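The values are calculated or read from the model by the stated rules, or taken from the named source; none is laboratory data. All of these numbers come straight from a predicted model, not from anything done at the bench. Cβ placement follows ideal geometry from the backbone for every residue including glycine, while neighbour counts extend to all protein chains displayed. These accessible areas exclude ligands, DNA and RNA; they are computed on the full protein's heavy atoms, side chains included. Shrake-Rupley method; radii C 1.70, N 1.55, O 1.52, S 1.80 Å.
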Amino acid sequence: MPKSPDDLEALKAERAAADREYNDALTRLDRAIQQLPPDFPQPPPVPDEHQITPLNALWNIEAPPPPAGLNGRAIKSIRRIVAPMFEKQQAFNAAVVEHINRNVTVARETRASIDSTLTVLRDTIAELVRFQSLLVVFLQQITPYVDTRDRDVAGLLRGLSGAINGVADEVLKRSEATLARDRRHEMQVTDLEAQIAALRQQMTEMQKALNAR
């Protein structure tokens with residue numbers, strides 16, 4: 001059933017509204033694309049190991065051997081008195097150096113872990129941004145693609161309509177030719193029937209004439 005002009009205008013307005021909504025959605029999606037922040041975090045600096053070597057060399061307190069004689073005996077006596085204090089200092093130095101040495105390894109591994117994590121995070125965000133950009137480009141191609149398909153379908157429909165019209169014309173021509181042939185046949189039959197009737201009439205008249213003699 002053909003649509004009225006009002007129906008066609010309503011369909012056109014509906015299509016225009018749908019196009020506007022689609023374009024607005026694309027604009028919002030394009031503006032929502034994430035971006036890699038310019039101040040993306042950097043890994044922490046490498047641990048300060050400047051004093052590690054001196055600490056490992058200086059932590060052990062070694063007193064020189066006492067000299068001989070009276071002074072040496074006096075120094076030995078003094079050392080026996082202060083020995084407990086030096087032992088505690090020695091133990092403290094050893095604990096501090098051991099703790100620093102262990103934490104240097106931990107600091108190195110921590111920085112390497114943070115560095116690799118930031119690299120993976122940066123690459124992941126970059127790939128996400130790239131995917132979002134490709135998605136927007138893809139969605140932008142849908143409208144031209146649909147319009148092209150619509151034109152293709154319209155062209156096919158026009159071609160199909162032309163083919164149907166051609167077939168209909170051919171069928172009409174053949175039908176008209178058949179009807180004309182049937183009319184000619186009917187006219188020929190009618191003429192033949194008329195001739196037969198006339199011939200019968202003549203035979204009847206001849207029979208009557210013969211019987212009258």
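Here are the numbers for this structure:
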item	result
Every pair of residues 6+ apart whose Cβ atoms lie under 6 Å, when the first sits in region 34-51 and is free of Cβ contacts under 8 Å to residues at least 60 places away in the same chain while the second is aliphatic (A, V, I, L, M) and assigned to a loop (DSSP other than H, G, I, E, B)	none
Scope region 43-57; condition within 14 Å of Arg108 (Cα to Cα) and either in a helix (DSSP H, G or I) or in contact with a helix residue (DSSP H, G or I) (Cβ under 7 Å, 6 or more places away or on another chain) (or both); matching residues	Pro43, Pro44, Val46, Pro47, Glu49, Ile52
Members of region 14-26 found to be open to solvent by less than 60 Å² (accessible area, probe 1.4 Å) and free of Cβ contacts under 8 Å to residues at least 40 places away in the same chain, listed by number	Ala16, Ala17, Ala18, Ala25
Pair list, Cβ < 8 Å and 6+ apart or interchain, from region 99-115 residues that are closer than 24 Å to Phe40 by Cα to residues that are at pLDDT 85 or above and open to solvent by less than 60 Å² (accessible area, probe 1.4 Å)	none
Single condition Leu157 does not satisfy, out of (1) modelled with pLDDT of 70 or more; (2) under 60 Å from the mean Cα position of the chain (by Cα)	(1)
Lone unmet requirement of (1) at pLDDT 65 or above; (2) within 24 Å of Asp30 (Cα to Cα) for Glu176	(2)
Where a residue in region 126-140 is farther than 12 Å from Leu26 by Cα and its partner, wherever it lies, is open to solvent by 90 Å² or more (accessible area, probe 1.4 Å), with Cβ under 7 Å and at least six apart	Val129/Gln35
